[in-house]
Amino acid sequence: PKPGRASGGSAPGLTCSVYSGDWDAMPKFAAMTPEDTQTVASIGLPSKYARERVGHRYTGMIRLPADAVYQFALTSDDGSRLFVGDSLVVDHDGLHSSETKLGVAALGAGWHPITVEWFNKTGGADLSVKVGPVGGELAPVPAESLSH
């Protein structure tokens, strides 16, 4: 497995950068200037999120408890991607209704860089991430396992 780091970021939660745009596929957020940046406790949208033509980029660190092959479940409406370090683990790009796509990564215990990107064109909006060892139960990432 890819080894984890002994320590995470200096503050709890993740950095969430917010972008405005009209996309049919995932833009290159890293090359864009966000309209807003905030710290969030988890990866996801507030209930009844209704903003259209928007994108979010969540960055920080995730702590995993043990060496394992982890499965990540990325649910989104519209497109999304999940990276651990520089590796694309789940690619769920494009315009679609709320769907879940799975990906796996062999990761060691400790802290790993994580990036989740998401955009909404129009209509419904959804984003969530669950994780667990392959063959085990998938659950939302606990707030105490995220830092930036």
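Say whether the condition of being of a type in the set (S, T, N, Q) and touching a helix residue (DSSP H, G or I) at 6+ places or on another chain (Cβ under 9 Å) is met by at least one residue in the range 52-72. Before you say what the answer is, go through the steps one by one.
First, pick out the residues of the range 52-72 that are of a type in the set (S, T, N, Q): 59, 71.
Those left that are additionally touching a helix residue (DSSP H, G or I) at 6+ places or on another chain (Cβ under 9 Å): none.
The answer is no; no qualifying residue exists.
Among the residues that make up the range 120-133, is at least one of them touching a helix residue (DSSP H, G or I) at 6+ places or on another chain (Cβ under 8 Å), more than 16 Å from Thr15 (Cα to Cα) and crowded, with 19+ Cβ neighbours inside 10 Å? Full working, then the answer.
Here is the first cut: in the range 120-133, the ones touching a helix residue (DSSP H, G or I) at 6+ places or on another chain (Cβ under 8 Å) are none.
No, every residue in the range 120-133 fails to be touching a helix residue (DSSP H, G or I) at 6+ places or on another chain (Cβ under 8 Å), more than 16 Å from Thr15 (Cα to Cα) and crowded, with 19+ Cβ neighbours inside 10 Å.
Looking at this structure, is Ser47 assigned to a loop (DSSP other than H, G, I, E, B), touching a helix residue (DSSP H, G or I) at 6+ places or on another chain (Cβ under 8 Å) and either open to solvent by 20 Å² or more (accessible area, probe 1.4 Å) or more than 14 Å from Trp111 (Cα to Cα) (or both)?
Numbers: assigned to a loop (DSSP other than H, G, I, E, B): yes; touching a helix residue (DSSP H, G or I) at 6+ places or on another chain (Cβ under 8 Å): no; either open to solvent by 20 Å² or more (accessible area, probe 1.4 Å) or more than 14 Å from Trp111 (Cα to Cα) (or both): yes.
No.
Taking the conditions exactly as written (surrounded by 13 or more Cβ atoms within 10 Å (Cβ to Cβ) and either touching a Lys or Arg at 6+ places or on another chain (Cβ under 8 Å) or in a loop (DSSP other than H, G, I, E, B) (or both)), does Ala30 satisfy them or not?
no
Keeping to the range 60-105, report how many residues are over 11 Å from the mean Cα position of the chain (by Cα), open to solvent by less than 50 Å² (accessible area, probe 1.4 Å) and within 27 Å of Ala6 (Cβ to Cβ).
8
Checking Ser10 against (1) open to solvent by 30 Å² or more (accessible area, probe 1.4 Å); (2) within 18 Å of the chain's Cα centre (by Cα); (3) among the hydroxyl-bearing types (Ser, Thr, Tyr): exactly one of these is not met. Which one?
For Ser10, the failing item is (2).
Among the residues of the range 139-148, are any open to solvent by 40 Å² or more (accessible area, probe 1.4 Å), over 24 Å from Ala6 (Cα atoms) and of a type outside the set (A, V, I, L, M)?
No, the conditions are met nowhere in the range 139-148.
Using beta carbons and a limit of 6 Å, which pairs, at least six apart or on different chains, have the first residue in the range 53-69 and in contact (Cβ under 8 Å) with a residue 24 or more places away in the chain and within 14 Å of Met26 (Cβ to Cβ) and the second one open to solvent by less than 40 Å² (accessible area, probe 1.4 Å) and in a loop (DSSP other than H, G, I, E, B)?
Pairs found: Tyr58/Ile43.
With Arg57, Arg51 as the choices, which residue is among the charged types (D, E, K, R) and modelled with pLDDT of 95 or more? Working first, answer last.
Working: Arg51 fails: modelled with pLDDT of 95 or more.
From the options Arg57, Arg51, the qualifying one is Arg57.
Hey, which of the strands (runs of 3 or more DSSP E) in the range 72-143, taking only ones fully inside, have at least 1 residues that are basic (Lys, Arg)?
Strands (runs of 3 or more DSSP E) meeting the threshold: 80-84, 99-107, 126-133.
The values are calculated or read from the model by the stated rules, or taken from the named source; none is laboratory data. Just so we're clear, the structure is a prediction, and the values are computed from it rather than from any experiment. Cβ atoms come from the backbone with ideal geometry, glycine included; neighbour counts cover every protein chain shown. All accessible areas refer to the heavy atoms of the entire protein, side chains included, with ligands and DNA or RNA removed. Shrake-Rupley method; radii C 1.70, N 1.55, O 1.52, S 1.80 Å.
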